[in-house]
Amino acid sequence: LKNYQVKRGASERAVTQSILSVIGKCVDQFGPGCVGVQNILQARCPLVRFAHQPSGFQCDLTANNRVAMKSSELLFLYGQLDPRVRHLVFSVRCWARAHSITSSIPGAWITNFSLTVMVVFFLQQRNPPILPTLDQLKELAGIHSCTFTAMLLCSFLSIVLYCHTNAKDSNYTFEKLLQEFFEFYGNFPFNKASINIRKGKEQTKPETTALYIQNPFETTLNISKNVNATQLERFVALCRESAWLLQQKEILNQSSDSPWGFTALLLPSVTSGAGVKSRRKRKLEPASSRIKNLLDSLKIKGGETVAKKGKRI
């Protein structure tokens with residue numbers, strides 16, 4: 001134990017990886033309700049990922065990652081400023097999960113964090129803006145030499161006043177925002193533009209990656225560098241399909257014959273088949289009809305059994 005305590009690591013990163021490796025083993029073997037433990041130690045920010053079954057939470061455990069804390073604080077603040085923010089983020093995440101745009105497995109998929117930043121950026125583009133940019137947050141705070149957390153606390157009232165003033169002039173309903181979100185990213189110039197919530201405007205991509213979303217606090221980093229062209233094309237195609245669906249009157253009106261509203265967006269996509277137009281021809285059998293048919297079939301089988309028994313007697 002003494003030798004372990006005084007032994008020096010090759011670098012701070014190597015020490016962090018060693019610590020997280022041990023923590024990952026402990027969580028896997030002794031963590032109550034913790035399943036699916038993955039040691040992702042070669043990532044830019046090493047982490048241990050696992051799921052907590054009792055709560056249903058997906059957890060990422062890191063060490064010395066203050067940027068992640070700042071990002072969480074920022075997104076929490078944005079969610080507090082306008083109720084439509086949380087509603088839109090939750091809906092987009094649910095939609096993305098239903099269509100396998102996001103995944104709990106590391107890979108080329110878009111992450112929930114990237115999707116949330118994309119929602120924030122979209123809301124900054126409304127007229128008037130529903131959310132302020134990160135630079136505007138600093139201006140509203142009026143202080144520059146304190147920590148980010150202190151800046152948020154000092155500026156919260158002025159930020160709320162700013163958003164409340166804009167919200168009074170904004171007639172965007174949640175339904176309209178959801179439709180315009182899909183339209184916005186269905187036509188976004190991903191091939192040449194990047195997403196920047198610090199400035200709140202499109203900027204020329206500094207790299208040739210498929211999707212470039214600037215890290216709000218480490219501005220030289222791309223938080224979506226893992227996303228490949230195939231996944232981005234799927235995302236754009238699904239955005240266009242969902243925008244088209246929300247433009248259909250029968251989708252927006254409650255009907256007993258087919259799913260309507262947001263639930264219609266969670267149905268399997270047809271973009272990989274004959275195209276969006278084939279969706280018009282497809283009619284799903286309503287759940288009530290399926291249950292009725294099942295009960296009718298049970299009655300028929302029951303009647304046949306009784307008849308056979310009667311003949312035997």
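The values are calculated or read from the model by the stated rules, or taken from the named source; none is laboratory data. It should be emphasised that the depicted structure is a prediction, and the values quoted were computed from it without experimental measurement. Quick reminder, even Gly has a Cβ in these numbers, built from the backbone with ideal geometry, and neighbours come from all protein chains shown.
Got a sec? Which of Arg44, Arg84 is among the charged types (D, E, K, R) and in a loop (DSSP other than H, G, I, E, B)?
Criteria check complete, one pass: Arg44.
List pairs: first in the stretch 216-244 and of a type in the set (Lys, Arg), second part of a helix (DSSP H, G or I), Cβ under 8 Å, 6+ apart or cross-chain?
That search, which allows pairs on different chains as well, returns Arg240/Phe182; Arg240/Gly186.
Yes or no: Val35 farther than 30 Å from Phe184 by Cα, surrounded by fewer than 20 Cβ atoms within 10 Å (Cβ to Cβ) and either touching a Phe, Trp or Tyr at 6+ places or on another chain (Cβ under 6 Å) or not assigned by TED's automatic domain parsing to the domain that holds Thr133 (or both)? Step through it out loud before you land on a result.
Numbers: farther than 30 Å from Phe184 by Cα: yes; surrounded by fewer than 20 Cβ atoms within 10 Å (Cβ to Cβ): yes; either touching a Phe, Trp or Tyr at 6+ places or on another chain (Cβ under 6 Å) or not assigned by TED's automatic domain parsing to the domain that holds Thr133 (or both): yes.
For Val35, the condition - farther than 30 Å from Phe184 by Cα, surrounded by fewer than 20 Cβ atoms within 10 Å (Cβ to Cβ) and either touching a Phe, Trp or Tyr at 6+ places or on another chain (Cβ under 6 Å) or not assigned by TED's automatic domain parsing to the domain that holds Thr133 (or both) - is met.
Yes/no per residue for (1) over 13 Å from Phe113 (Cβ atoms); (2) modelled with pLDDT under 90; (3) among the aromatic types (Phe, Trp, Tyr); (4) in a strand (DSSP E or B):
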position	(1), (2), (3), (4)
Ala51	yes, no, no, yes
Asp60	no, yes, no, yes
Ala63	yes, yes, no, no
Val67	no, yes, no, no
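Could you tell me whether Leu75 is under 14 Å from the mean Cα position of the chain (by Cα) and modelled with pLDDT under 90?
Yes.
Residues are listed down the side, and each one gets a yes or a no for (1) more than 17 Å from Glu12 (Cβ to Cβ); (2) in the same structural domain as Gln17 (by TED's automatic domain parsing); (3) aromatic (Phe, Trp, Tyr):
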position	(1), (2), (3)
Ala43	no, yes, no
Phe50	yes, yes, yes
Ser55	yes, yes, no
Ser72	yes, no, no
Phe76	yes, no, yes
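Consider only pairs whose beta carbons are under 8 Å apart and that are at least six residues apart or on different chains; among these, list those whose first residue lies in the stretch 75-91 and is free of Cβ contacts under 8 Å to residues at least 60 places away in the same chain and whose second residue is buried (at least 20 other Cβ atoms within 10 Å of the Cβ) and outside any helix (DSSP H, G or I).
What qualifies is Tyr78/Leu131; Val85/Ile130; Val85/Leu131.
If we only count helices (runs of 4 or more DSSP H) wholly inside the stretch 107-209, which ones have 2 or more residues that are modelled with pLDDT of 90 or more and not basic (Lys, Arg)?
112-124, 174-186
On the basis of being among the hydroxyl-bearing types (Ser, Thr, Tyr), at pLDDT below 90 and touching a Gly at 6+ places or on another chain (Cβ under 9 Å), does Thr16 make the cut?
So Thr16 fits the description; yes.
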